[in-house]
Structures are given as C-alpha cells and as structure tokens.
Amino acid sequence: MSTEIDKDQIPEESAEVTHPESLSVWGLAWPSILSNLLFASVGLVAIKAVGSLGAEAVAAVGTGQRIFWVFQALLMAIMAGTTALVARAIGSGDSHEAAQVTRASLGLCLLISFFTVILLWLGADFMIGLFGLDEASQKLSVTYTQILVGFTPVFAISMVLGTAQRAAGDAKTPLYIGLITNVVNIILLIGLVEGRFGMPQMGVVGAALAGGLAFTFNSILVLGLWFGKKLAVEIGKAGSMTYKRLNQLITVSYPAGLESFIFQFGMLSFFWIVALYGTNAVAAYNIGVNALMVSFTVGNGFAIAGATLTGQHLGAADPDKAYESGVRAAALTVFSMGTLGILLAIFSRELASFFIDDVDVVNKAVIFVWMLGIMQPFMAIEFSIGGAVRGAGDTKSPLIITIIGLVLIRVPLAYLFYNFGLPIEWIYATLIADYFLKGVLLAYRYKSRRWMKVLKMDS
C-alpha cells in the first residue's frame, strides 16, 4: 500500500496543501467561503427571478427546495464520513486509501441517489400537499420538485468529489469549479425563468432546469479532472467497495445521516407550521433564509476548514493542534457570522424589498431576519464546532444535540405557540431557544476532548 502522495500525478499546489503543517484555518476556509458565497448568490438570483412571478411562485420554489434537501440527507451524511476518512488517510500519508474511500463513497452515493429519484418522483404530489399551499402553488411546486430531483445523481458526483478534495486540503480546485458552475447557473436562471439570452421563458420550470443543468455541468467538469488525474485525490482502483471500507464509511456516516435526516425532517415540520400562517408567511420565510445565506456560507466555510484540520492533525497523531484548529475556526466563525448577522438585520427591509414587491411579505421577512440575525454567534458555534468534531469522526454527539435542539425544543414550541393563536413572530422566536441551546452543548462537548478518541474506538 502506498504511503506517499505521488507528486507527479497531482498538481504541485495540491501536493503542497495536503500536509497538515502547511494548512491554516483561514487558508482552507476562504476558498470554501467564496465558493459558498457564489452558490448563495445563485439562490438570491433565483429568488429575485422567481419573485417577479409573485408570492405563489416563491412559496412553490421554497417548498420544493425544502422537500429536495430532505431527500439529500443521506448523501450529505456520507459526506461527513468521506471527510473524516479521507482527511485521516491524507494526514497519515496514505494517499491510496484516500482514493479508495473516495471511489467507495461515490459508488454508495450514486446508489442512494437512484432510489431517491424514484421515491421523490412518485411521492412529490403527496408530500407537497401536506403544506396546504393553494392549488396553483402546489402544482408549480410538484413540477419544480420532480424536475430537480431527476438530477440527483449528478449532484451526488459533484458533492463526493468536491468533498474529497477539501478533505485532502485542496479547497481551491472546488472553488474554481464552483465559480464556473455558478456563472453558468446564473445565466441559465435569468435566461430560462425570464426568457432572456434567446432562451424560452419557462418560469418555475426554468428555475428547476437551471439548477439541474448546472449540477450536470459541474459533474462533467469535475469528472474530467478526476479521470485526467488533475485532482489531489486520485481515482481509486477496482475493489474499493470492500465490506471493511464500506462498514467504516457507514459507521462514521450513519449518525450524521440520522442527524441530517432529523434536521431536515425537523426543518420540514417547522416549515409546515410556518405554512399554516399562509402563502405570504412561506414566501417571507424563504426570502429571509436566502438573505441570511451570506452568513451561513461563511460558517460553512469555517466548518469545512475545522473538519479538515482536526481530521488531518489527528491522522498525524497531533491532538493538541487538532484542538487548537477547532478553537481558531470557532473564533473566526463567531466574529464573521456575528458581524454579518447584524449588518443583514440592519438592511433587512431593503433586501426583502429587492426580492419581492409585497408589503406584507416584506414585513414578515424583516422580522425573521432580525430574530435569526442576532443568533448568528450561536449558529457560528454550531457550524464550526460541529464541523470540527465531525471531522474527527464524532458524528454521534452532533446527532444527539440536534435532536435536543430541533426536535425537542424548536418544533414542539412552535406547534404550541401556533395552537395558542400567537402571531408568526412567536414561531420565529423558537429559533432563538434552539440555536442557543445547541451552541452551549456543542461548546461543552468540544471542551471535553472526548471527541478525539471516537474514530479510533469505532474502527
């Protein structure tokens, strides 16, 4: 088994960044942050384009997106296992194992994606019908969801290969690929939704096609680089999907999968409660989430950096530096997300008015952004510390904490407030209790350092 990276087969830049000592939180985070900001900009363009069609269209797309992401939970879970195992392999100098894990992860995710397509295509009408949208919005949402879910396999390819590169310490290549992809996505969104650049005007259908075609373009691009041996993680050899490797991948991933599913199901339940307040409330919620996406993407970038560094330093048998990396990631995340949260709240009315010309929707969106904006420091802890412990292979503690915050606090309180006839502001307020509690619990778990030993104990 190879114990060294073959520098003749990967870019010189990638070879340099795969050693833990050469990595820093900011050096890993900024390409991911920029890449995620570009992705968030696509969401903003989509809301702006669809917003011109009215609150019903915004509600339809937002509901479809929520359903879509619920069924991507398993794929996102495998990414936690991929990150932990690839980072450990690279940290210990075993590039061969990193390649084999990546190939096994890709095969597993493609299998999951095909079942997802079948299930969601057949069940979209029933699932969306649970949200009580008006007839026009529901039809639009079902169509949007069925089109978008058909592209799940190519979405899986781009996720797996991008995750593997970041785990190996190469965050720049996914950035460059993401830059090109998002430009294509924005052009397709404007063209297909509004009928510009010689493209047909397709409204909500065009929004779904734009996203799916962008996924496809991204996958073709990253597969070309992978097969051309231009990525930090090589193509794994045949026989990568061994019982031992898949068992390890699933063992690390299943708590993250359960966490992701519970999180998405909880979010879906919360979204359902919001929908009880009407189409305008749904539209406001979607606008608020997309406005705050700028802050979320910063947190996710630092989470990726924290996960990569803790995994690689533990792989290199340096627990102290693993711990320090998580602390640095948390400090940067709290400062960045806290600052952005305040700024977004201050300009929330201008942002909401930019997306839609509906006073009631704008007012509800402003309230949402203010409430969630002031909680950004606690969300920052969840992003950064959660990412660090997952990178170490500890996926069970974030699962338990998610259940406590989302399932036992947020959703029950929201449902209780709705039944008491309280206004939508009280529903949004349950987010404060959720994120405060999760931030405190994750900080306590990290300080204990017990998360460092989980992967060794389970392997």
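Values computed for the structure shown
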{"item": "Some residue of the range 280-303 being in contact with a Pro (Cβ under 9 Å, 6 or more places away or on another chain), crowded, with 24+ Cβ neighbours inside 10 Å and either hydrophobic (A, V, I, L, M, F, W, C) or part of a helix (DSSP H, G or I) (or both)", "result": "yes"}
{"item": "Helices (runs of 4 or more DSSP H) fully within the range 368-459 counting 2 or more residues that are closer than 29 Å to Thr251 by Cβ and at pLDDT below 90", "result": "376-391, 396-402, 424-448, 454-458"}
{"item": "Any hit, the range 224-233, residues being touching a residue at least 24 places away in the same chain (Cβ under 8 Å), assigned to a loop (DSSP other than H, G, I, E, B) and surrounded by fewer than 20 Cβ atoms within 10 Å (Cβ to Cβ)", "result": "yes"}
{"item": "Subset of the range 91-144 (residues that are among the acidic types (Asp, Glu), more than 30 Å from Ala232 (Cα to Cα) and in a helix (DSSP H, G or I))", "result": "Asp125, Glu135"}
{"item": "Lone qualifier among Gly311, Gly236, Gly341 - being outside any helix (DSSP H, G or I) and buried (at least 21 other Cβ atoms within 10 Å of the Cβ)", "result": "Gly236"}
{"item": "Residue within the range 348-357 that is buried (at least 23 other Cβ atoms within 10 Å of the Cβ), modelled with pLDDT under 85 and within 30 Å of Val252 (Cβ to Cβ) present", "result": "no"}
{"item": "Count of residues meeting criterion [touching a residue at least 12 places away in the same chain (Cβ under 8 Å) and either farther than 12 Å from Ser295 by Cα or touching an Asp or Glu at 6+ places or on another chain (Cβ under 7 Å) (or both)] in the range 328-348", "result": "5"}
{"item": "Long-range neighbours under 8 Å by Cβ, at least six apart or interchain, first residue without any contact (Cβ under 8 Å) to a residue 40 or more places away in the chain within the range 303-325, second part of a helix (DSSP H, G or I) and surrounded by fewer than 24 Cβ atoms within 10 Å (Cβ to Cβ)", "result": "none"}
{"item": "Test: Leu110 is loosely packed, with under 14 Cβ neighbours inside 10 Å, more than 30 Å from Ala316 (Cβ to Cβ), in contact (Cβ under 8 Å) with a residue 24 or more places away in the chain and within 25 Å of the chain's Cα centre (by Cα)", "result": "no"}
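The values are calculated or read from the model by the stated rules, or taken from the named source; none is laboratory data. Quantities reported herein were computed from a predicted structural model and do not represent experimental measurements. Every residue, glycine among them, receives a Cβ derived from its backbone with ideal geometry; neighbour counts consider all protein chains shown.
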